[in-house]
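As structure tokens, the structure follows; a few thoughts come after it.
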Amino acid sequence: MNPTPASTQAPARASVPAAPPGAALALGDDALVLSHRLGEWAGHAPVLEEEVALANIALDLLGQARFLLSLVGDEDELAYLREERAFRNVQLVEQPNGDFAHTIARQLYFSTYQELLYGQLTAGDGPFAPLAAKAVKEVAYHRDHAEHWTLRLGDGTEESHRRMQTALDALWRFTGELFDPLDRLDVDVSALRDGWLALITRTVGQATLTLPTGPQSGAWTAGAGRQGIHTEPFGRMLAEMQHLHRSHPGATW
Amino acid sequence: MVTVPTPDLTALEQRLLELAGAVPDPELPVLTLAELGVLRGLQLTGPGRVEVELTPTYTGCPAIEAMSADIERVLHGQGIPEVEVRTVLAPAWSTDDITAEGRRKLAEFGVAPPRVTGPDGPVPVALGIRCPHCGSTDTTLLSRFSSTACKALRRCEACREPFDHFKEL
């Protein structure tokens, strides 16, 4: 990995210690991959307002990804020229959009985690503090959006309730990985996990839904996204995301 | 009006800063960059060489690239051949950085300006958002996200007009 920040971004200030590249890559990949998944809703969202909302959330995440990946190397090379095994995102964010309830469940699980994580990173003057201080306020809107939809779908019709419960259950086994410690990232993981569980439990209960009870990681998995082991749909997503750049190197608008 | 806290500017730097600050925002052209509060500083780093510090409203705001290009163009026009616009994140931009004149222009443009949040703590929920068309505070949220990341879509219950609200950040 190239430790030099991309030339035009120059995000790190001289007084700030260098970011641990493993953690920057992991958090940057989370943001990049989820941004791309949300972008897949463009043209397909159930209503226009949601089309705009999901695209806006995707844009915020893309901005975070650009900053984080630029701490590690060239953002475009990292996004477009790495193979699947080199990505360090959690498996949760690469899961396909599914129906709208699946997308909302994924947003609820991830944005709740990300808000708490950035909240911790804001403290002190670490290398992620400037981004975290900025992004935590954006992510609060993402979490708020996901909570409102969880309430509407869970406490809505029989059909919306059933779908929201199915989605929460289906994605539950990917949530354990969110709390794997990252190398040299100064985060209190147990506080993160407890805070996350308390918030999710509250929202799920208010939405008249049931907190999933299964294990938070699949016993069958060969490894986790943080180790570069990904689920089968991720390869297809990457192929679509990277094909233009790989087919036409250096192409610009 | 430029409010960047850089006391030791030379006369030339001050003039260039005012010119850069007068560049209109690419998405809300009624506002200048100085009124939006995104211009953080300007420094002559050598003969014909200027460094400008710009901060984004939202991390992923695509307008930052247009802003940089516009600043470069304006300063090139002043005979500065080398202009480097640097993006800085800290301290994070807040809607409190929008000047009073900027808020007035937003409302005039039909966008409800952000409420002042103060140094800590969120906006009191009870504080209503005023319809920029008729002035009523009886407005409801239609969508948390609107035409750009920084705005929400609301409707006025008095005059029934929908309008954008610049979200507090």
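Derivation of every value follows stated rules applied to the coordinates shown; laboratory data play no part. On a predicted model such as this, the values are computed, not experimentally measured, just so you know. We place every Cβ from the backbone using ideal geometry, glycine too, and count neighbours over all the protein chains shown.
Which whole number gives the average, over all residues in A:60-66, of C-beta atoms from other chains lying within 10 Å of the residue C-beta?
Working: counts 6, 2, 3, 8, 3, 2, 3.
Counting other chains' Cβ atoms within 10 Å and averaging over A:60-66 gives 4.
Roughly speaking, what is the stretch gain from B:THR117 to B:GLU51, that is 0.36 nm per residue apart minus the C-alpha to C-alpha distance, in nm to one decimal?
Details: separation 66, 0.36 × 66 = 23.76 nm, distance 3.09 nm.
Working it through step by step, the gained length comes to 20.7 nm.
Give the value in nm², to one decimal: projected area of the alpha carbon convex hull of chain B, averaged over all directions.
Working: hull surface 39.9 nm².
With every direction weighted equally, the projected area is 10.0 nm².
What FRET efficiency comes out for A:GLU84 versus B:ALA11 if R0 is 45 angstrom and r is the Cβ-Cβ distance? Round to the nearest 0.05. List each step's numbers first, then the result.
Values: r = 57 Å, r/R0 = 1.26.
After rounding, the FRET efficiency stands at 0.20.
Let's see if you can work this out: charge +1 on each Lys and Arg Cβ, -1 on each Asp and Glu Cβ, no other charges. What is the dipole magnitude of chain B about its Cα centre, in debye to the nearest 20? All intermediate terms of the calculation are to be shown ahead of the outcome.
Details: 16 positive and 23 negative charges, 116 e Å.
For chain B, the charge dipole is close to 560 debye.
So how far, in whole Å, is the C-alpha centre of segment A:149-211 from the one of segment B:11-60?
42 Å
Treating each Cα of chain A as an identical point scatterer and ignoring solvent, apply the Debye formula and state log10 I(q)/I(0) at q = 0.07, 0.13, 0.14 Å⁻¹.
-0.23, -0.81, -0.95
Provide the per-residue ³J(HN,Hα) series for segment A:164-171, in order, calculated from phi with Karplus coefficients 6.51, -1.76, 1.60 and θ = phi - 60°, each as a whole number of Hz, with x at glycine and proline positions.
For segment A:164-171, the Karplus curve yields 5, 5, 4, 5, 4, 5, 5, 8 Hz.
Starting from the amide H of B:LYS151, placed 1.01 Å from N in the peptide plane, find each other amide H under 5 Å away whose residue is 5 or more places distant or on another chain.
Residues meeting the amide H criterion: B:SER146, B:LYS167.
If you look at just the Cα atoms of segment A:181-253, how large are its Rg and its Dmax in Å?
Radius of gyration, then largest Cα-Cα span, for segment A:181-253: 18.8, 51 Å.
Please get the size of the charge dipole for segment B:11-87, origin at its Cα centre, with Cβ charges of +1 on Lys and Arg and -1 on Asp and Glu, quoted in debye to the nearest 20.
Charge dipole, segment B:11-87, about its Cα centre: 140 debye, nearest 20.
Take the alpha carbon atoms of segment B:84-106, find their center, do the same for segment A:66-144, and report the distance between the two centers in whole angstrom.
24 Å
Would you please name the trypsin sites (Lys or Arg not before Pro) within segment B:135-167 that are DSSP coil residues with at most 15 other C-beta atoms within 10 Å of their C-beta?
Numbers: sites: B:ARG144, B:LYS151, B:ARG154, B:ARG155, B:ARG160, B:LYS167; in loops: B:ARG144, B:ARG160, B:LYS167.
Answer by residue number: B:ARG160.
Relative to the longest principal Cα axis of chain A, at what angle does helix A:100-122 sit, 0 to 90 degrees, rounded to 10?
Roughly 50 degrees between the two axes.
Multiply the residue separation of B:GLU157 and B:GLU65 by 0.36 nm, subtract the distance between their alpha-carbon atoms, and state the gained length in nm to one decimal. Present the calculation step by step, with values, prior to reporting the outcome.
Values: separation 92, 0.36 × 92 = 33.12 nm, distance 3.74 nm.
Stretched out fully, the B:GLU157 to B:GLU65 stretch lengthens by 29.4 nm.
Can you list the residues, at least 5 places off or on another chain, whose amide H is less than 5 Å from the amide H of B:GLN78, using H built in the peptide plane?
none
Just how large is the dipole of the protein assembly as shown about the Cα centre, in debye to the nearest 20, putting +1 at every Lys and Arg Cβ and -1 at every Asp and Glu Cβ?
Values: 36 positive and 55 negative charges, 82 e Å.
Roughly 400 debye, rounded to the nearest 20.
What share of all Cα pairs of segment B:100-166, in percent, falls into each consecutive 5 Å distance bin?
Pair shares across the bins are 4, 19, 27, 28, 17, 5, 1.
Once you place label points 7 Å from the Cα toward the Cβ at A:ASP188 and A:GLU159, how far apart are they in nm?
Here the modelled spin labels are 4.6 nm apart.
In whole Hz, with x marking every Gly and Pro, tabulate ³J(HN,Hα) for segment A:238-248 from phi via Karplus 6.51 cos²θ - 1.76 cosθ + 1.60, θ = phi - 60°.
The phi angles translate into 4, 4, 5, 5, 9, 5, 5, 5, 6, 6, 10 Hz.
Rank B:GLY60, B:ALA22, B:THR45 by how far each Cα sits towards the positive end of the charge dipole of segment B:11-87 (+1 on Lys, Arg Cβ; -1 on Asp, Glu Cβ) and give me just the farthest.
The listed residue farthest towards the positive side: B:THR45.
Counting only residues 5 or more places away or on other chains, whose amide H sits under 5 Å from the amide H of B:ARG40 once H atoms are built in the peptide plane?
When sequence neighbours closer than 5 places are left aside, the close amide H contacts are B:GLU53, B:LEU54, B:THR55.
Pop out the ³J(HN,Hα) list for segment B:34-50 in order, Karplus 6.51 cos²θ - 1.76 cosθ + 1.60 with θ = phi - 60°, rounded to Hz; leave Gly and Pro as x.
My calculation for segment B:34-50 gives 5, 5, 6, x, 9, 8, 9, x, 8, 9, 7, 9, x, x, x, 10, 10 Hz in order.
Just order A:172-182, A:135-145 by mean Cβ neighbour count inside 10 Å, highest at the front, would you?
Details: A:172-182: 19.5, A:135-145: 22.5.
Highest-to-lowest ranking by the protection proxy: A:135-145, A:172-182.
I'm a student and want to see the number: the projected area of the Cα convex hull of the protein assembly as shown, averaged over all directions, in nm². Present the calculation step by step, with values, prior to reporting the outcome.
On the way: hull surface 87.2 nm².
Projected over every direction and averaged, the Cα hull of the protein assembly as shown covers 21.8 nm².
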